[in-house]
Structure formats: C-alpha cells, structure tokens
Amino acid sequence: MAKLLVKSCMPESGYRQVVPVAKAPLEVLGFGLASLAAGKRWTFDTKKCEWTIVVLAGSVRAFAGGEQLTKAPLGSRANVFGGKAAAVYLPPGCKGRIRAVRPAQLAVCQALSETGAGPTVITPDQVRTKTVGVRNWERQVHDIIDGRIAAGRLLVGETFNKAGCWSSYPPHRHDEDRPPLEADLEEVYFFQVNPPQGFGFQRVYTDDRSLDESYAVEHGDVVMLPRGYHPVAAAPGYQVYYLWLMAGTGRTMCPFDDPQHAWIKGAERVVREVGDE
C-alpha cells in the first residue's frame, strides 16, 4: 500500500496536482490546489474528469466555454473557517479559466467520469449544513456537491471539528457496494488547522488490520482514503477542518460503522434525550 499522507500541499503560486487522477492507491479520484495573486489567471481543461473547484479563500471570477459563470465575484471568506464555501462544478471536456479578484486559494476536486451536469455555480447560501454527533465527537458538516447536482460521480463537502473533538466518528467505511448497508466510495481529505501551527490525527484501518495507518495531520496536508475506517481527532486548542471528496459506485452516501464502535450511535441518542443533566 502506497503512503496515504501528502504533506504541506498548498503551492506558493500557481497550480499543483497533489493527487494524480486514478493513480494507486486511488482508482478514480484526483486532487489539486491553486494559489493565485490578485489579477492572476489560471486556465484549465477538465479532460476526462468532472471537477469541483472550491474557493478556500479570497474571491475569483470563473469562465467556462468562453462565458463568465457569475456577474459577481465568487467567494468572500478570508479562510475556510470564515463561512460557507463557494464552488463551481465543471463536467468532463470543459475548458475555461479562473481569475483572482482578491488573492485566492482553490481546491480542485476531480473524478474520472463519462457524464456530468453543465457548469454550475454553488453559492454559500446553497451549501447545506448539519450538526453530526454530540459532546466531544460533535462536528459541523457542509454539503457542497450532493444529489442536487447531476454530477457523474463526485460528492464534495467540508467538515469542521471543534478543538479537541473527533469526527468521522464512530469510525465508518464505504468500501463495498451493498446497499442499503454500505456504498463503494473512495475519498480524499484536505486539512486546514486554526490556528495553523496546530495538528490533528487521522487513522485509516480495516477489520483485518491489513491496512492500519495513523498520521499526525497539519495545516495543508492531504490524506488519501482508498478503503477502511477513517476517524479524525483535533488536538485541544485547535480547530481542524477537512475538505472531502468522494467517488465510486453510485452517488449514495451510505457509511458502514465499525461494529466494535457502532454502539456509540446509541449513546448519542441517550445524550440528546438527557441533555446536560
């Protein structure tokens, strides 16, 4: 198994292909990052992939097929902790460019696909948010690309861990195509930390422990998740964020909890009923 962690991924300027598309240990996903100074342009060609470009920070104008996709600049947050995301979905075979209005950082989520919706802008008010878990495994999940967009394969969102809290918890996997118990989806996580000198932890493991890796994750790191359970923990004092992109068989999110820890879902119900008493 190839090493799953890629360190310090954000380029100082321009575009960097962090995770090559469909290269082991992944089969369909790819991931890139871009940093653009104000006024700088980046041209792209999605080729055989569908893309979702997420504005991590700053603001941009997006063009596809020679047309500007929005009249107003896209993106307004100073960093990922400053609000909901803005994004652009692009189908396979789409050419265009991004121009930074203010200094911008972009995440480029990619998946091999033969189909996809037309170029689509996702504004912050269209991002669906939910609170998942309780107590020290409570987190905020933002769905950016879900079933509302007729993508071929991609699902994209953001998760925000409170300081000292866990997410992707209880540990879950999505390795096998066996609905309604589980869906087959590989995944990539891109991490940011607030304050940025902090850290968290990621574990990736299977039932038989043929895969069992643990990593300290820092600001700007990427972890590939080809299979296995994959919980995340934030160190006390540091908020941990990760952008997640998923693709595989179908587009149904159907995680399967580790049977050894699935009882925690029952504890969540009890905590909610009892409250802080």
For labels at ALA78 and THR115 in the simple 7 Å Cα→Cβ model, what's the distance in nm?
4.4
Only Cα pairs under 8 Å and at least 6 apart count here; give the relative contact order of segment 8-259 as a rounded whole percent.
19
Inter-site label distance for ASP45 and VAL271 at 7 Å from Cα along Cβ, in nm
5.0
Between ALA37 and GLN140, what FRET efficiency comes out of the Förster formula 1/(1 + (r/R0)^6) with R0 = 45 Å and r the beta carbon distance, rounded to 0.05?
0.90
Excluding GLY75 itself, calculate the net charge of residues whose Cβ lies under 11 Å from the Cβ of GLY75, where each Lys or Arg counts +1 and each Asp or Glu counts -1.
+4
Integer Hz, Karplus 6.51/-1.76/1.60 couplings in order for segment 8-23, x for Gly and Pro:
6, 8, 6, x, 5, 7, x, 10, 10, 7, 7, 10, x, 5, 6, 10
From the Cα gyration tensor of segment 8-96, with a ≥ b ≥ c the square roots of its eigenvalues, which class applies: rounded if a/c is under 1.5, or else prolate if a/b is larger than b/c, or else oblate?
oblate
Give the long-range amide H neighbours of ARG227: residues separated by 5 or more places, or on another chain, with amide H under 5 Å away, using H modelled in the peptide plane at 1.01 Å from N.
none
Run the helix sum for the chain: -39,500 (n - 2.57) per DSSP H stretch of 4+ residues, divided by residue count, reported at 222 nm to the nearest 500 deg cm²/dmol.
-1500 deg cm²/dmol
Given [x] 73, 42, 27; [y] 52, 40, 34; [z] 55, 37, 33 as possible values of Cα extents along the principal axes in Å, the one from the coordinates is [z]
Is there a pair in LYS40/LYS95; LYS130/LYS265; LYS23/LYS84 whose C-alpha atoms are over 19 Å apart, and which pairs would that be?
LYS23/LYS84
Neighbourhood net charge (14 Å Cβ-Cβ; Lys/Arg +1, Asp/Glu -1) for PRO92:
+1
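Go through segment 135-176 and name the trypsin sites (Lys or Arg not before Pro) that are in a DSSP coil and have 15 or fewer other Cβ atoms within 10 Å of their Cβ.
ARG148
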With no solvent term and unit scatterers on the alpha-carbon positions of segment 188-233, Debye gives log₁₀ I(q)/I(0) at q = 0.21, 0.27, 0.30, 0.31 Å⁻¹ of -0.66, -0.95, -1.09, -1.14
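Taking 0.36 nm per residue of separation and subtracting the Cα-Cα distance, what length does fully extending VAL101 through ARG16 add?
Answer, rounded to one decimal: 28.6 nm.
Each value in this text was obtained by applying a stated rule to the coordinates, not by laboratory testing. Keep in mind the model is a prediction, meaning the values are calculated, not measured. For neighbour counting, all protein chains shown are included, and Cβ atoms are generated from backbone atoms with ideal geometry for every residue, glycine included.
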